[in-house]
1. Which residues, counting only those in the range A:13-45, are farther than 22 Å from A:Leu149 by Cβ and crowded, with 16+ Cβ neighbours inside 10 Å?
2. Out of B:Ala228, B:Ala257, B:Ala157, B:Ala235, I need the residue that is in contact (Cβ under 8 Å) with a residue 40 or more places away in the chain, within 23 Å of B:Leu138 (Cα to Cα) and within 14 Å of chain A (Cβ to nearest Cβ). Which one?
3. Is it true that A:Lys103 is within 30 Å of A:Asn395 (Cβ to Cβ) and out of contact with any His (no Cβ under 6 Å at 6 or more places or on another chain)?
4. Of the residues that sit in the range A:369-383 and are at pLDDT below 90 and open to solvent by less than 30 Å² (accessible area, probe 1.4 Å), which one is nearest to the other protein chains (Cβ to nearest Cβ)?
5. Applying the selection to the range A:409-439, what residues are in contact with a strand residue (DSSP E or B) (Cβ under 9 Å, 6 or more places away or on another chain) and under 17 Å from A:Gly322 (Cα atoms)?
6. Closer than 27 Å to A:Arg133 by Cβ and of a type outside the set (Phe, Trp, Tyr): does that describe A:Ile199?
7. Are any residues in the range B:162-195 of a type in the set (Val, Ile, Thr) and within 24 Å of B:Val65 (Cα to Cα), and if so, which ones?
8. Looking at A:Thr366, A:Thr348, which is the one that is at the interface with another protein chain (Cβ under 7 Å from one of its Cβ atoms) and closer than 17 Å to A:Leu405 by Cα?
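The values are calculated or read from the model by the stated rules, or taken from the named source; none is laboratory data. On a predicted model such as this, the values are computed, not experimentally measured, just so you know. Ideal geometry is used to build each Cβ from the backbone, glycine not excepted, and the neighbour counts take in all protein chains shown. Surface areas here come from the heavy atoms of the whole protein model, side chains and all, with no ligands, DNA or RNA. Shrake-Rupley method; radii C 1.70, N 1.55, O 1.52, S 1.80 Å.
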Amino acid sequence: MTKAFPGVLANDSIDLKIRPGEIHALLGENGAGKSTLVKMIYGILKPDAGTILFNGRQVEIESPARARELGIAMVFQHFSLFDSLSVVENISLGMNKVVDLQKLANEITEVSKRYGLPLDPKRHVYTLSVGERQRIEIVRCLLQEPRLLVMDEPTSVLTPQEVKKLFLTLNRLAEEGLGILYISHKLDEIKELCHQATILRLGKRIGIVDVDDESTSSLANMMMGDELEKNDRHHTPVTGAIRLQVNRLNMPAKDSTSISLSNINLDVRAGEIVGIAGVAGNGQDELLKALNGERCAPEAASIIIDNQPAGKLGPNPRRRAGLASVPEKRLGHGAIPDMDLVDNAFMTGFYRMGLLAKGIINYPKTRIFAQKVITDFSVKTSGSSVPAESLSGGNLQKFIIGRELSQHPEILIVSQPTWGVDAGAAQTIHRSLRQLATQGAAILVISQDLDELMAMSDRIGAICGGRLSPLYPTAKMTVEKVGLLMAGVALEEGAADVASVS
Amino acid sequence: MWPRLVKRQIPSRLMVYLSPVFALLLSLLAGVVLFIIMRVSPLAALHAFFIEPLSSIYGLAELGVKATPLILIGVALSLGFKAGVWNIGAEGQLTIGGLCGGMVALYFYDQEGFYIIPLMLLAGVLGGIVWAAIVAFLRVRFNANEILTSLMLSYVAGLLLNVLMHGPLRDPDGFNFPESRQFSDSALLPTLFDGTRLHIGFLIALLVVALGWIILSKTLMGYQIKVAGSAPAAAEHAGFSTSKIVWTTLLLGGGIAGLAGTIEVAGPIGQLLPNISPGYGFTAIIVAYVGRLHPLGALFAGLLLALTYLGGETAQIQLNLPVAVTGVFQGLLLFFLLASDVLIHYRIRFGKPELAVEKS
């Protein structure tokens, strides 16, 4: 299959074969072309060239409806569910014909029992967890009795415990003869679950391998080429005084779609990186906005920057106090999409870099600042006068992080530092964060990527439903333990002595 | 094969400026069709509409007179629209501004003095600000949609002026006509050239264009306006207060619209009437968009839209065309502009996608 987009060949003559009963991994970094390939298989994108054979017969899949008709089902990363409707109502809406709701509810119960996907058809979606919502999507697919199930990074929204349950289900489905195409860049999962793997890099197929014959590191080598470099992790940082302290912070939710923060306590010392894990939508965005001043806290004393109460300060007074931040969403929050990099450099830099005099913008100085960020952080762009939206995700992230680091913050809060960023850029970002910490800054990383946090943070905790767990030294934690924290379960044994150490 | 729209990788800067040109050409074309349907020679009609008004000094001066309020309000609305604050009630702010400025003139009707005009202009600005402040307060305090409130307040303003014209402000010697006294000479804006009605208000408009341009391109305020309109979440991240931007742009818009209102009554009109504007406040919305929400663009667009007012009058006199043709032309222009703006983000492609699925 071949598919080109303006300026990039997303898929370059890619071959892929899946047998019935096989769990086949489609492995590649962000931007390798995985999504493009499955979108063509599911009829969302039209291939430029190539053929699809389904059960030995050549088919043209011109729409998702045609794909479903053939027996191809897909579970997307982002769910399409109506919060205010019940499970059975949501599933009935996806059907091509009118169905009897009671009959459908019985079918749902039956399917969910058979495959270990507990689901109450009468529950309303808004009461369900992310894992339960994913089950709706899977059950919806299974009701169509598919021959091929495509799953696009299904575990990125799940806790490790939920992942285990999902894998049991997928294995049972495969035993019954269903072909499963499993898209991921998480090597451990692929090692555990999949039989064969097709590896993509930069739009090309690198190889097809039996997963049992490979190790995670050989898979990683194929996925990333020679960009990979080992991180030296878990050294003991030299920590200094507490720079950022949060005491019993409570913030009511702004609207029905946001999370309220309750009783958040945390402290970050100079020289250390603290990681906060959590499944998406558990209050990460709200926490970032509370810490960087986009939303003020009800009490000034609940946020303390370098011994000064800062809860009622706005973003710019907090910047003056030395606190910089990088939000999760780049375009539209961390950067202004249709304005150029000079204006984007000004956006958060004007206060500390002195780019403003009596209300007039000093553009020559701003241009130099933007150019310095571009050079220092090797942002790939044709210059500083291109709009932010024309940069790739990784380059824009380098620019945004570079913009904050160039201001030499004393406290840095970063949300999802390497989400959607290729391995090379991710490494640059990790290295510069560690370097900043070594220079004595306090760094807080909020991320959904547990592997990243385990690798780079000195202490780690998790946020769940707007509540933050205690922070534990990362060296004493395992992925499973953090998984429990992510699910909101308190660690009983040893918690007391660990807490006293920190 | 039907043409298809293909998304551009980055928005075309060329099309940002070509789009108004396309819109103008398409409006002219639609005008030709319209005139043929109305059984009028399209050539004669277009000549009357777009050439005749420009072929004399008097005509050019009239163009400046009509363009003055359009440019003023067009600049003010550009700033607001850029910030995503949809003040479409400039007509009401103009009316209240004209009313306030006019009342100052009537208070001093039997006096002479250099201070009268500055006082009038000040009163006009304040009147417009007060009227827009209602909208800003409702938006910031209750999150009331400013499109609705500003529009509705326009009708309130019109009715308020009407009530006053039929009552306290009526000329005592005016045979009960709903008109005020004529303003004294000290309350009339000086003209720039003898024999024309072009007044110093036009210079004020040029000054506002320059100020608007500087604000937008050089100041923190202009930067905040641009960011707030383009990416509200980024504006919050940068630490810009949304309510401050709503207040600033609305009060600025109201103040300038009020100024335009006073300039109208102190310039070409010379007294208060129940109706002091042929919809300048609404037409200025088209001016802002045709001018690409840029102050300099508003200058040219203001002149163009002023031409449609003049042309409509000429066509009415020479060819007996209904005056509604003016509104039709203005509407066509905005309509085609919004349609042409698609080309900023998309390109037109003919034929099938280059590489079709292989058939074996």
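1. Across the range A:13-45, the qualifying residues are A:Glu29, A:Asn30, A:Gly31.
2. B:Ala228
3. No; evaluated as a whole, the condition is false for this residue.
4. My answer is A:Gly383.
5. A:Pro409, A:Glu410, A:Ile411, A:Leu412, A:Ile413, A:Val414, A:Leu433, A:Leu436, A:Ala437
6. no
7. B:Thr191
8. A:Thr348
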